[in-house]
Amino acid sequence: MKLEQTEHQKELQQTIDQEILLSGFSGTVLVMQHDQTLAAAACGQANVAEERINQLNTRFGIASGSKLFTAVAICQLAEQRKLSFDGKVLEVLHEQKFPLFSPEITVHQLLTHSSGIPDYFDEEVMDDFAALWEDIPMYTLRRPGDFLPLFASLPMKFTPGDRFHYNNAGYIMLGLIVEAVSGMNFTDYVEQHIFRPCGMKASGYFALDALPANTALGYIDSETGENISNIYSIPVVGGGDGGAFVTAADMQKLWTCLLGHKLLQPETTALLLTPHIHEDEDEDTYYGYGVWITIRNGGVLKYHLMGSDPGVSFRSAVYPASGVTFTALCNRSRGAYRMMQVAEKNLLLD
């Protein structure tokens, strides 16, 4: 399916611009079909105090959208036969202590949120992400191993493989596996073996206390209406479960390289994009390895990523039937999902 160029593009751009005005969206939006830009917008402020505005090439945090990078890293190491998807996790992480974890947990189960391990932020029982740092300050969390005191001694939630339960701690453990198997720091591995091959020169796992130029600060709305930075609300450096910074153009490069088999062999790419497990709350939604998959009328409607943290809102998707890709990066706690809905409706992709 090839979208009509001028009028449809103009209509899509106007729809996005109108939504920006109505919602006060702060961030960037990029919609492309293959190598053609259908719509692009940048709005709001990257730094409120300095009145620095967001640009199309501004870097934004993407929270859990980074899980795809972790999954790709694991798949690359599996291709090199340095690990297997059915391998037992505790046999790989034998130097770590998980006294109550099942020895039957597999790498596949961590990738598909079906391991049954406890999460350090369990959305079934918690709703205040910032409250996590009352006992362990967020500024101490700079490596995957730094997260272990938050969950390593807790009991299992269910038998491995029983069901889907979204789990950040599982991707922390995958980050530890990448380090154990590759001999590299997790963030160095991703930057060298994923970002660099894709030409994602603006992306990285930047420390909140040392952000590079042209990076948007995340903002949390306070009860008084003040713009409060999120630097005390999320881990100071991202890792296996989230926290990378990207630009909209770099996300486009990521999708292009992934689907073009520049990161993984075709068979492994297909495995990563397989709907391995059903997400219980939505009959159309499944999970692959680090990626959400929406099935409609017996086929894949979209592969998509989502991220949400205090001061971070992110959505990115590829629609295989049309070749359209969509990315919305936002430095507020909400906004990206609504932009995706508006674009999908205009493009008749929902």
**Asked** Condition test on Arg315, is it more than 14 Å from the chain's Cα centre (by Cα), open to solvent by 10 Å² or more (accessible area, probe 1.4 Å) and within 19 Å of Ser26 (Cβ to Cβ)?
**Response** no
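If a residue counts only when it is over 23 Å from Gly323 (Cα atoms) and touching a strand residue (DSSP E or B) at 6+ places or on another chain (Cβ under 7 Å), which strands (runs of 3 or more DSSP E) contained entirely in the stretch 1-91 have at least 2 such residues?
Correct list: 45-47.
Among Leu56, Leu83, which is modelled with pLDDT of 95 or more, open to solvent by 30 Å² or more (accessible area, probe 1.4 Å) and out of contact with any His (no Cβ under 6 Å at 6 or more places or on another chain)? Please lay out each step first, then the result.
Working: Leu83 fails: open to solvent by 30 Å² or more (accessible area, probe 1.4 Å).
The conditions single out Leu56.
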**Request:** Report yes if Tyr166 is under 30 Å from Lys88 (Cβ atoms), in contact (Cβ under 8 Å) with a residue 24 or more places away in the chain, out of contact with any helix residue (DSSP H, G or I) (no Cβ under 8 Å at 6 or more places or on another chain) and of a type in the set (Ser, Thr, Tyr), otherwise no.
**Result:** yes
**Prompt:** If you take the residues of the stretch 114-161 that are modelled with pLDDT of 85 or more and among the β-branched types (Val, Ile, Thr), which of them is farthest from Met173 (Cα to Cα)?
**Reply:** Thr159
**Message:** For the stretch 268-278, check the following and say yes or no: at least one residue is open to solvent by 20 Å² or more (accessible area, probe 1.4 Å), closer than 30 Å to Ala49 by Cβ, of a type in the set (A, V, I, L, M) and in a strand (DSSP E or B).
**Reply:** no
**Prompt:** Among (1) under 17 Å from Trp255 (Cα atoms); (2) charged (D, E, K, R); (3) without any contact (Cβ under 8 Å) to a residue 24 or more places away in the chain, where does Lys67 come up short?
**Reply:** (3)
**Message:** Given the options Gly260, Gly335, name the one that is within 20 Å of Thr37 (Cα to Cα) and open to solvent by 10 Å² or more (accessible area, probe 1.4 Å).
**Reply:** Gly260
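The values are calculated or read from the model by the stated rules, or taken from the named source; none is laboratory data. These numbers were taken from a predicted model, which means no experiment stands behind them. Note that each Cβ is placed from the backbone with ideal geometry, even for glycine, and that neighbours are counted across all protein chains shown. Side chains are part of the model used for accessible areas, which takes the heavy atoms of the whole protein and leaves out ligands, DNA and RNA. Shrake-Rupley method; radii C 1.70, N 1.55, O 1.52, S 1.80 Å.
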